[in-house]
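Student: One structure coming up, written as structure tokens, with questions to follow.
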Amino acid sequence: MSYLFDSNIVIYYFSGLTADESLHQMLAESFSISVISKIEFLGWGEFANNLTLHNQARAFIGHARVLDLSEEITEQTIRLRQQFKTKTPDAIIAATVLVNDLTVVSHNTSDFSRLGLETLTVNMKP
């Protein structure tokens, strides 16, 4: 099974908030994200005033396979936004999952399961 990681999982994992050993194994080498997740992660406010942390984040995300917006993903995103009134970032992630036949890993699985996607949730630290 192949996975695409939602922005929240990338942020939570990088911040040390996840408690799921299987997630560590999935992210240890290479992992897939949507281009919107790269934008959301590297645009995260915590990095704005901390160059060291920002550089660590860039190194971490450098291991990711970033799936760009193709015409097919763009058209699927439009359909999802029209049909489900989904926010653009979630629609891009969902369309990327659908076009590439992936399972989305997210803390907000309901955002994606309502779109008919296969989802996997992650345990968080208490």
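Only the coordinates and a few stated rules stand behind these numbers; no lab work does. In this text the structure is predicted, and so the values were computed from the model without any measurement. No Cβ is skipped: glycine too gets one built from the backbone with ideal geometry, and neighbour counts run over all protein chains shown.
Student: How long are the semi-axes of the equivalent ellipsoid of the chain, defined as square roots of 5 times the Cα gyration tensor eigenvalues? Whole Å, largest first. Don't skip to the answer; put the middle values down first.
Tutor: Details: eigenvalues 111, 55, 36 Å².
Taking √(5λ) for each eigenvalue gives 24, 17, 13 Å, largest first.
Student: Another question, then. So if a site counts as exposed when it's one of the GluC sites (Glu not before Pro), its DSSP state isn't H, G, I, E or B, and it has at most 16 other Cβ atoms within 10 Å, what's the longest stretch of the chain without one? Don't skip to the end; give the middle numbers.
Tutor: Details: sites that count: 29, 118.
The reported range is 30-117.
Student: When only C-alpha pairs under 8 Å and at least 6 residues apart count, what is the relative contact order of the chain, in percent? Present the calculation step by step, with values, prior to reporting the outcome.
Tutor: On the way: 165 pairs, mean separation 43.8, N = 126.
It rounds to 35 percent for the chain.
Student: For the stretch 52-115, state which trypsin sites (Lys or Arg not before Pro) are in a DSSP loop and have at most 13 other beta carbons lying within 10 Å of their beta carbon. It would help to have the intermediate numbers written out before the result.
Tutor: Values: sites: 58, 65, 79, 81, 85, 87, 114; in loops: 85, 87, 114.
Passing sites in the stretch 52-115 are 85, 87, 114.
Student: If you don't mind, another one. Toward the positive end of the charge dipole of the chain, about the Cα centre and with charges on Cβ (Lys, Arg +1; Asp, Glu -1), which of 22, 100, 57 goes farthest?
Tutor: 57
Student: Could you tell me the calculated FRET efficiency between residue 70 and residue 17, based on Cβ-Cβ distance and R0 = 35 angstrom, to the nearest 0.05? Show your work: numbers first, answer last.
Tutor: Values: r = 32 Å, r/R0 = 0.90.
Using R0 = 35 Å, I get an efficiency of 0.65.
Student: Ok, one more. Quick check on the chain: helices-only [θ] at 222 nm, where DSSP H runs of length 4 and up contribute -39,500 (n - 2.57) each and the sum goes over total residues. Nearest 500, please. Numbers along the way, then the final one.
Tutor: Working: 7 runs with 66 residues, N = 126.
For the chain, the value works out to -15000 deg cm²/dmol.
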